[in-house]
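The structure appears right after this line, and notes come after that.
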């Protein structure tokens, strides 16, 4: 029975605990990314879902953070899902990304809107694990508006329904969904709503079972989750203590 170890982590553009984007020097950005790489080496995930990662942005050192992490962690496969692009003097290019020890057979980026700054979206990928197709969604929802989050959630659910109609027969399990949901599980908001919607496919479990992920120095809220479908067994999950971002990473390990 294949086993998979997944980590989701909002890395806050590599700035660490600096609260102001753009004031971290490229040298400090690289040093913090190397510390993130060291954390990944210690945790040994098979797949890493990253949010707020920059491809080439003036406020984040103007270098490719995913490639930098890939080199320092020796993951053989990676893919970017850019949600924000802006050219010119203050160029921006950032969004979600995956690092994987398994082959990424297909990938698709869905952006919720057309803003060039602060836009959210999700990255869909199909991983080949032990010869089987494992669908994965790396999601980042709006931080300030419940109404926006619920609209984004409707977009995701409709998109997944169509993707299931077209390609569901080749999936080994229904999609794993993870990322930064920007709302806790305990309120009438997008996290609870997504869990309800997913019951149309099968029974899903929400991880971590306990623990808070934001803000990382003194976490008060759980905002980062992994949704696992039935068929995932022997599940272990945990919030990882670190001071490498304003969010804490979450890992989940399971067989399927």
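The values are calculated or read from the model by the stated rules, or taken from the named source; none is laboratory data. The structure displayed is predicted, hence computed values, not measured ones. Quick reminder, even Gly has a Cβ in these numbers, built from the backbone with ideal geometry, and neighbours come from all protein chains shown.
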Review point. For segment 130-139, does any single residue satisfy the condition of being more than 21 Å from residue 172 (Cβ to Cβ) and crowded, with 18+ Cβ neighbours inside 10 Å?
Key: no
Practice item. Collect the residues in segment 30-48 that are in contact with a strand residue (DSSP E or B) (Cβ under 9 Å, 6 or more places away or on another chain) and either surrounded by 14 or more Cβ atoms within 10 Å (Cβ to Cβ) or part of a helix (DSSP H, G or I) (or both), keeping them in residue-number order. Key: 36, 39, 40, 43, 45, 46, 47, 48
Point to revise | Check on residue 54, more than 22 Å from residue 81 (Cα to Cα) and touching a helix residue (DSSP H, G or I) at 6+ places or on another chain (Cβ under 7 Å) | key: no
Practice item. Report yes if residue 81 is at pLDDT 95 or above, crowded, with 19+ Cβ neighbours inside 10 Å and out of contact with any strand residue (DSSP E or B) (no Cβ under 7 Å at 6 or more places or on another chain), otherwise no. Key: no
Point to revise | Exclusive hit being in contact (Cβ under 8 Å) with a residue 40 or more places away in the chain and in contact with a helix residue (DSSP H, G or I) (Cβ under 7 Å, 6 or more places away or on another chain), set 123, 153, 136 | key: 153
**Study point:** Qualifying residues in segment 57-72 (those that are under 20 Å from residue 224 (Cβ atoms) and either free of Cβ contacts under 8 Å to residues at least 12 places away in the same chain or touching a helix residue (DSSP H, G or I) at 6+ places or on another chain (Cβ under 9 Å) (or both)) - the one surrounded by the most Cβ atoms within 10 Å (Cβ to Cβ)
**Key:** 65
Review point. Is it the case that segment 244-252 has a residue that's over 16 Å from residue 7 (Cβ atoms), more than 17 Å from the chain's Cα centre (by Cα) and modelled with pLDDT of 95 or more?
Key: no
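Going by the conditions given, is residue 195 in a helix (DSSP H, G or I) and either surrounded by 14 or more Cβ atoms within 10 Å (Cβ to Cβ) or touching a helix residue (DSSP H, G or I) at 6+ places or on another chain (Cβ under 6 Å) (or both)?
yes
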